[in-house]
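Trainee: Dumping the structure here so I can ask a few things about it.
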Amino acid sequence: MNKKTRFYELHKLNNAKIVDFAGYEMPIQYSSIIAEHKAVRNSVGVFDVSHMGEVFIRGEKALDFVQHITTNDASKLTPGRVQYSAMCYPDAGIVDDLLVYCIAEDEFMLVVNASNLEKDFNWMNTNNSFDVQIVNESDEFSLLAVQGPESKTVIQKITKEEINLEYYHFMKAEVAGVEMILSRTGYTGELGFELYFKGDEQVATTVWNAIFEAGKEFNVQPIGLGARDSLRLEMGFCLYGNDIDETTNPLEAGLGWITKLQKKSFIGKEAILKIKEDGLKRKLVPLLIEDKAFPRHGYEVVCNGKKVGTVTSGTVSPILEKGIAMAYVESEYAVEKNHLFILIRGKEVSAEVVRLPFLTR
């Protein structure tokens with residue numbers, strides 16, 4: 001039996017198309033993916049992302065533990081700051097990508113992908129030689145993402161605190177009368193905020209209704225997982241299970257910037273150093289298609305009739321009105337402005353290796 005978030009009845013009221021996602025009943029779309037995508041790019045939209053996992057690390061050696069299991073340098077964090085990071089296996093395969101919140105010197109919140117929560121939680125416990133408390137509080141939290149150029153104006157209307165958050169910073173705030181963590185992060189490339197709070201369906205409904213009332217003048221829209229995917233792809237953000245997984249390493253995935261090899265040690269470091277020394281055999285690249293052809297996960301990338309890679313994520317960009325894709329290709333072909341082809345229904349469709357993001361804001 002799938003879980004339901006505390007917003008489930010509201011999704012039904014808004015005529016959402018509900019699908020099974022990571023063991024939850026989640027809205028894939030309400031009106032249309034294109035309309036919802038444009039609402040976020042042009043105004044403001046609200047995503048229910050309560051299926052995400054929140055795991056708290058508490059104890060004297062909380063920082064040491066986080067440093068050991070993640071690739072980024074968590075020692076750079078101070079309370080109120082967030083960091084994008086990853087966890088790796090000893091062979092450099094990616095366990096998950098995640099957000100690290102520094103709540104206090106001895107307390108961190110790790111926000112992980114819903115589909116990986118159980119695996120991640122077990123992985124953390126297996127590697128807990130630091131005597132820290134690892135507490136999965138995912139079921140206690142609701143999480144809304146309010147994203148788009150008008151998001152700050154909307155949230156500011158329903159909180160007394162002045163919102164002056166820099167990107168990847170958070171604050172404790174009372175929004176719509178509810179105590180919460182208000183974070184300036186997001187998965188869309190737009191200005192946006194994440195709202196983490198506890199409470200029952202009544203509390204969740206209060207927050208949801210307050211946001212929609214405050215956003216009325218901007219025609220605020222509920223947004224499903226379909227537009228969440230097309231929005232993140234226009235920015236070239238990785239999706240676990242598509243672009244990264246246990247068979248990919250951070251360097252080939254373009255995540256070298258969150259892999260701090262000067263750090264004393266972390267799980268996977270030796271393997272990543274070896275991969276770097278040997279040179280990358282393949283790289284994840286962005287591909288722009290000249291027309292509206294729809295590249296899908298698993299499609300072959302070819303050059304001179306030879307397979308040189310595989311598409312990991314693809315869509316037609318609602319803003320660019322062109323096909324866009326991420327694909328692993330052999331390193332010699334992973335050169336900007338290189339022309340490759342994607343096999344779409346047996347036909348070779350021209351695609352160019354470009355620079356991310358696909359959409360510059």
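The values are calculated or read from the model by the stated rules, or taken from the named source; none is laboratory data. Everything numeric here is computed off the predicted structure, so don't read it as measured data. In this analysis, Cβ positions are derived from the backbone assuming ideal geometry, glycine residues included, and neighbour counts consider all displayed protein chains.
Trainee: Name the residues in segment 329-361 that are charged (D, E, K, R), modelled with pLDDT of 95 or more and either assigned to a loop (DSSP other than H, G, I, E, B) or in contact with a Ser or Thr (Cβ under 7 Å, 6 or more places away or on another chain) (or both), would you?
Mentor: The answer is E336, K337, R355.
Trainee: Would you tally the residues in segment 1-34 being crowded, with 18+ Cβ neighbours inside 10 Å and among the hydroxyl-bearing types (S, T, Y)?
Mentor: Final tally of qualifying residues: 4.
Trainee: Shifting gears a bit: So, in segment 116-155, of the ones that are out of contact with any strand residue (DSSP E or B) (no Cβ under 7 Å at 6 or more places or on another chain), buried (at least 18 other Cβ atoms within 10 Å of the Cβ) and not basic (K, R), which residue ends up farthest from V207 (Cα to Cα)?
Mentor: Filtering first and then ranking leaves F130.
Trainee: Ok, one more. Going by the conditions given, is L255 of a type in the set (A, V, I, L, M, F, W, C), more than 22 Å from K337 (Cβ to Cβ) and free of Cβ contacts under 8 Å to residues at least 40 places away in the same chain?
Mentor: Criteria not met by L255.
Trainee: Still on this model: Consider segment 214-250. How many of its residues are of a type in the set (F, W, Y) and either in contact with a Pro (Cβ under 9 Å, 6 or more places away or on another chain) or within 14 Å of Q147 (Cβ to Cβ) (or both)?
Mentor: Qualifying residue count, segment 214-250: 2.
Trainee: Hey, could you check segment 204-237 for residues that are crowded, with 23+ Cβ neighbours inside 10 Å and either in a loop (DSSP other than H, G, I, E, B) or at pLDDT below 95 (or both) and say which is nearest to the chain's Cα centre (by Cα)?
Mentor: That would be G224.
Trainee: Can you tell me which residue among K264, K292, K283 is under 29 Å from H37 (Cβ atoms), surrounded by fewer than 18 Cβ atoms within 10 Å (Cβ to Cβ) and either touching a residue at least 24 places away in the same chain (Cβ under 8 Å) or in the same structural domain as S32 (by TED's automatic domain parsing) (or both)?
Mentor: K292
Trainee: Which residue pairs have Cβ atoms closer than 8 Å, lie 6 or more positions apart in sequence or on different chains, and pair a first residue in segment 297-322 that is under 28 Å from N42 (Cα atoms) with a second residue that is outside any loop (DSSP other than H, G, I, E, B) and among the polar types (S, T, N, Q)?
Mentor: H297/T312; H297/S313; T315/S230; S317/S230; P318/S230
Trainee: When segment 257-304 is examined, which residues are found to be among the small types (G, A, S), closer than 30 Å to R345 by Cα and modelled with pLDDT of 95 or more?
Mentor: Of everything in segment 257-304, just one residue is among the small types (G, A, S), closer than 30 Å to R345 by Cα and modelled with pLDDT of 95 or more, namely G298.
Trainee: Is at least one residue of segment 35-48 buried (at least 16 other Cβ atoms within 10 Å of the Cβ) and touching a Lys or Arg at 6+ places or on another chain (Cβ under 8 Å)?
Mentor: Looking through segment 35-48, at least one residue is buried (at least 16 other Cβ atoms within 10 Å of the Cβ) and touching a Lys or Arg at 6+ places or on another chain (Cβ under 8 Å).
Trainee: So which residues in segment 158-174 are of a type outside the set (S, T, N, Q) and either touching a residue at least 60 places away in the same chain (Cβ under 8 Å) or surrounded by 15 or more Cβ atoms within 10 Å (Cβ to Cβ) (or both), if there are any at all?
Mentor: Once the filter is applied, which keeps residues that are of a type outside the set (S, T, N, Q) and either touching a residue at least 60 places away in the same chain (Cβ under 8 Å) or surrounded by 15 or more Cβ atoms within 10 Å (Cβ to Cβ) (or both), segment 158-174 yields I158, I163, L165, Y168, H169, F170, M171, A173.
Trainee: Something else: Can you say whether L191 is under 17 Å from the mean Cα position of the chain (by Cα) and buried (at least 19 other Cβ atoms within 10 Å of the Cβ), as far as the supplied structure shows?
Mentor: When the stated conditions are applied, L191 does not pass them.
Trainee: Let me ask you something else. Name, by its number, the condition in (1) over 22 Å from K38 (Cβ atoms); (2) surrounded by fewer than 16 Cβ atoms within 10 Å (Cβ to Cβ); (3) within 25 Å of the chain's Cα centre (by Cα); (4) not hydrophobic (A, V, I, L, M, F, W, C) that does not hold for R361.
Mentor: Of everything listed in (1) over 22 Å from K38 (Cβ atoms); (2) surrounded by fewer than 16 Cβ atoms within 10 Å (Cβ to Cβ); (3) within 25 Å of the chain's Cα centre (by Cα); (4) not hydrophobic (A, V, I, L, M, F, W, C), R361 misses just condition (1).
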